[in-house]
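Undergrad: This structure is in structure tokens; I'll ask about it shortly.
The values are calculated or read from the model by the stated rules, or taken from the named source; none is laboratory data. Only a predicted model underlies this, so the values are computations on that prediction, with no experimental measurement involved. Note that each Cβ is placed from the backbone with ideal geometry, even for glycine, and that neighbours are counted across all protein chains shown.
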Amino acid sequence: MSVYIIHGGNRVRGRVAVHGAKNSALPILAAAAVCGDSVIENCPRLTDISVAMEILGHLGCRARREGDAILTTQGGPGDCRIPDELMGAMRSSIVFLGGMVARHGCAELTLPGGCELGARPIDLHLFALSQMGADITEAGGRLYCSAPRGLHGARINLSFPSVGATENTIIAAATARGETVLTGAAREPEILDLIDFLRGCGASIDMALDGTIRVEGVERLHGVRHRVIPDRIAAGTYLCAAAMTGGELLAQDVVPGHISSCLSLLEGAGCRVETGPDWVRLTAPERLEAFGTVKTMPYPGFPTDMQSVMMAAATVARGTTLFVENIFESRYRHVPELRKLGASIVTEGRAAVVTGVERLTGASLVSTDLRGGAAVVLGALAAEGESVVAGLDHIDRGYDDLEGNLRRLGADIKRDG
Ligand code: UD1
């Protein structure tokens with residue numbers, strides 16, 4: 001099992017080109033199951049993306065990589081089932097459900113895997129599909145969905161703006177009979193990217209200013225060449241690495257507007273932040289000031305995926321930061337790891353109080369989940385002495401060449417084994 005060996009204390013400085021967004025590429029690949037042959041550019045090299053390509057193969061849509069692009073080609077009829085090991089490999093495999101029912105009129109799956117962040121129900125995904133005419137039963141940990149006469153449009157209101165349920169509904173509605181009106185939908189940039197892709201394939205989708213999404217189903221979708229948006233969480237991770245090590249970073253291939261909640265916190269903590277159309281330059285102070293209060297919220301609020309990474313930065317800031325995790329109930333699994341480095345963090349339910357310390361000290365650490373793993377790496381970069389980080393399979397799900405990028409930015413990090 002490979003580990004990172006990190007000698008902390010170096011400033012993170014230089015230039016990094018941010019890879020394409022995992023959370024865009026995955027639903028777009030799922031949508032490709034119901035579209036014509038497509039070229040999806042700027043797809044990061046991640047294990048989650050490889051799993052998605054394999055799933056597509058089972059559904060009758062071949063996916064192969066050429067450089068940073070994934071080419072999808074419609075092949076045979078495919079299957080109504082995603083093999084259990086692929087379902088277990090990532091939570092996002094549930095985003096294939098809508099496309100499967102739309103394409104095959106049926107789907108059989110086990111409940112999805114992925115990061116353990118407390119209860120991650122899929123009731124909203126199932127509610128939306130049932131409103132569109134799918135018949136859904138659950139037995140022995142398996143889900144059976146069928147719509148032998150196809151899906152139809154519906155008026156659907158999501159009681160929480162779930163990213164995955166919004167994506168599944170849009171994909172299913174794109175070729176359903178009639179109009180779907182979706183209220184209470186998520187508005188993350190990755191949702192807009194999915195809509196852009198589907199529109200490019202001939203789908204009729206509009207989002208009103210109040211966030212209502214209208215989809216007029218079309219009979220068939222053709223293919224398109226589409227470029228995935230930059231990964232805002234990867235961008236935020238590199239910026240936090242520079243911010244907490246007194247560094248200086250030019251992050252390229254970024255949409256600054258997608259990370260404005262994160263940039264304003266970093267500015268408030270004493271960083272100088274300049275932005276251009278597709279770049280952000282951050283110059284960190286010698287020591288960060290605490291962030292005040294950081295509450296995770298649906299977009300455009302502060303993203304839950306950045307909570308752990310921002311917390312790593314807060315561990316060495318001057319003063320106290322309060323975190324409130326509003327999206328997932330159990331997203332503090334990185335806290336015991338950061339404490340091993342000497343961080344002062346107290347948690348109580350959804351709240352975590354971080355009192356910045358002057359120095360962290362290297363330790364033997366475990367990456368507990370994807371974003372928690374990134375936080376642990378950042379903690380180790382700022383700590384004095386050597387740290388060993390295990391559990392890299394989590395990090396490889398979401399960061400394309402994290403160690404290579406950090407090394408080029410001056411960090412002393414290597415993968416062993
Ligand atoms: C997506 C992202 C993930 C990110 C999360 C929040 C992808 C592939 N994944 O995950 O990286 O951390 O958004 O931005 O884009 N919920 C329900 N019922 C449902 C679905 C969700 O109660 O049917 C709840 C969840 O338990 C959670 C909240 O809604 O509390 C947010 O979940 P959701 O937005 O669906 O997150 P994911 O799509 O799983």
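Undergrad: For E167, only one of the following conditions fails: (1) over 30 Å from V377 (Cα atoms); (2) in contact with a Gly (Cβ under 8 Å, 6 or more places away or on another chain); (3) more than 13 Å from the ligand (Cβ to nearest atom). What is its number?
TA: With (1) over 30 Å from V377 (Cα atoms); (2) in contact with a Gly (Cβ under 8 Å, 6 or more places away or on another chain); (3) more than 13 Å from the ligand (Cβ to nearest atom) applied to E167, the lone miss is (3).
Undergrad: Report every pair of residues separated by at least 6 positions or lying on different chains whose Cβ atoms are under 8 Å apart, first residue within the range 27-41 and within 16 Å of the ligand (Cβ to nearest atom), second of a type in the set (A, V, I, L, M) and assigned to a loop (DSSP other than H, G, I, E, B).
TA: Correct list of pairs: I28/V228; A33/L59; I40/V228.
Undergrad: Inspect all residues belonging to the range 7-29 and state whether any of them is among the hydrophobic types (A, V, I, L, M, F, W, C) and over 27 Å from V255 (Cα atoms).
TA: No, that holds for no residue.
Undergrad: Does any residue in the range 149-167 that is closer than 15 Å to A102 by Cα come within less than 8 Å, Cβ to Cβ, of a residue that is away from the ligand (no atom under 13 Å from the Cβ) and basic (K, R) six or more places away or on a different chain, and which pairs are these?
TA: G150/R177; L151/R177; H152/R177; G153/R177
Undergrad: Would you mind stating whether L59 is out of contact with any Phe, Trp or Tyr (no Cβ under 9 Å at 6 or more places or on another chain), without any contact (Cβ under 8 Å) to a residue 60 or more places away in the chain and not basic (K, R)?
TA: Taking the combined requirement at face value, the residue does not satisfy it.
Undergrad: Mind listing whichever residues of the range 199-230 are within 16 Å of the ligand (Cβ to nearest atom) and either aliphatic (A, V, I, L, M) or at pLDDT below 95 (or both)?
TA: G211, I213, V228, I229 - these are the residues of the range 199-230 that are within 16 Å of the ligand (Cβ to nearest atom) and either aliphatic (A, V, I, L, M) or at pLDDT below 95 (or both).
Undergrad: Go through the range 168-221 and count every residue that is in contact (Cβ under 8 Å) with a residue 60 or more places away in the chain and of a type in the set (S, T, N, Q).
TA: Residues that pass the stated criteria total 3.
Undergrad: State which residue is nearest to the ligand (Cβ to nearest atom) when the search covers only the range 87-99 and only residues that are crowded, with 21+ Cβ neighbours inside 10 Å and at pLDDT below 90.
TA: In this case the residue turns out to be S92.
Undergrad: Residues to consider are P300, P285; find the one that is surrounded by fewer than 22 Cβ atoms within 10 Å (Cβ to Cβ), assigned to a loop (DSSP other than H, G, I, E, B) and either β-branched (V, I, T) or touching a residue at least 60 places away in the same chain (Cβ under 8 Å) (or both).
TA: P300
Undergrad: Output the number of residues of the range 384-417 satisfying the condition of being in a strand (DSSP E or B) and either of a type outside the set (D, E, K, R) or in contact with a Gly (Cβ under 7 Å, 6 or more places away or on another chain) (or both).
TA: 8
Undergrad: Being in a helix (DSSP H, G or I), within 12 Å of the ligand (Cβ to nearest atom), under 18 Å from R91 (Cα atoms) and within 18 Å of the chain's Cα centre (by Cα), is that true of even one residue in the range 156-163?
TA: yes
Undergrad: So, in the range 45-94, how many residues would count as being of a type in the set (G, A, S), out of contact with any strand residue (DSSP E or B) (no Cβ under 8 Å at 6 or more places or on another chain) and over 12 Å from L29 (Cβ atoms)?
TA: Of the residues in that region, 3 qualify.
Undergrad: If you don't mind, there's one more thing I want to ask. For the range 113-155, what are the residues that are at positive phi, modelled with pLDDT under 90 and buried (at least 18 other Cβ atoms within 10 Å of the Cβ)?
TA: G114
Undergrad: I want to confirm something. Restricting to the range 184-212 and keeping residues that are touching an Asp or Glu at 6+ places or on another chain (Cβ under 7 Å) and under 19 Å from L158 (Cβ atoms), which single residue is surrounded by the fewest Cβ atoms within 10 Å (Cβ to Cβ)?
TA: Among residues in the range 184-212 that are touching an Asp or Glu at 6+ places or on another chain (Cβ under 7 Å) and under 19 Å from L158 (Cβ atoms), the one surrounded by the fewest Cβ atoms within 10 Å (Cβ to Cβ) is I191.
So that you can scan it fast, the table gives a plain yes or no per residue for (1) touching a Gly at 6+ places or on another chain (Cβ under 8 Å); (2) buried (at least 22 other Cβ atoms within 10 Å of the Cβ):
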{"position": "Y4", "(1), (2)": "no, yes"}
{"position": "H7", "(1), (2)": "yes, no"}
{"position": "V18", "(1), (2)": "no, yes"}
{"position": "I55", "(1), (2)": "no, yes"}
{"position": "P83", "(1), (2)": "no, no"}
{"position": "E108", "(1), (2)": "no, no"}
{"position": "L111", "(1), (2)": "yes, no"}
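Undergrad: Mind checking which strands (runs of 3 or more DSSP E) fall wholly inside the range 184-260 and carry at least 1 residues that are among the small types (G, A, S) and over 23 Å from the mean Cα position of the chain (by Cα)?
TA: Per the criteria, 204-207.
Undergrad: Sticking with this structure for a sec: I'm checking my understanding of the structure. Among residues of the range 303-331 that are in a helix (DSSP H, G or I) and out of contact with any helix residue (DSSP H, G or I) (no Cβ under 7 Å at 6 or more places or on another chain), which one is farthest from the ligand (Cβ to nearest atom)?
TA: A314
Undergrad: Please go through the range 20-45 and give me each residue that is buried (at least 24 other Cβ atoms within 10 Å of the Cβ), in contact with a Gly (Cβ under 9 Å, 6 or more places away or on another chain) and within 22 Å of A375 (Cβ to Cβ), ordered by number.
TA: Those that are buried (at least 24 other Cβ atoms within 10 Å of the Cβ), in contact with a Gly (Cβ under 9 Å, 6 or more places away or on another chain) and within 22 Å of A375 (Cβ to Cβ): K22, N23.
Undergrad: Go through A52, A63, A102 for me and flag whichever is more than 16 Å from the ligand (Cβ to nearest atom) and under 20 Å from V228 (Cα atoms).
TA: Among A52, A63, A102, only A63 is more than 16 Å from the ligand (Cβ to nearest atom) and under 20 Å from V228 (Cα atoms).
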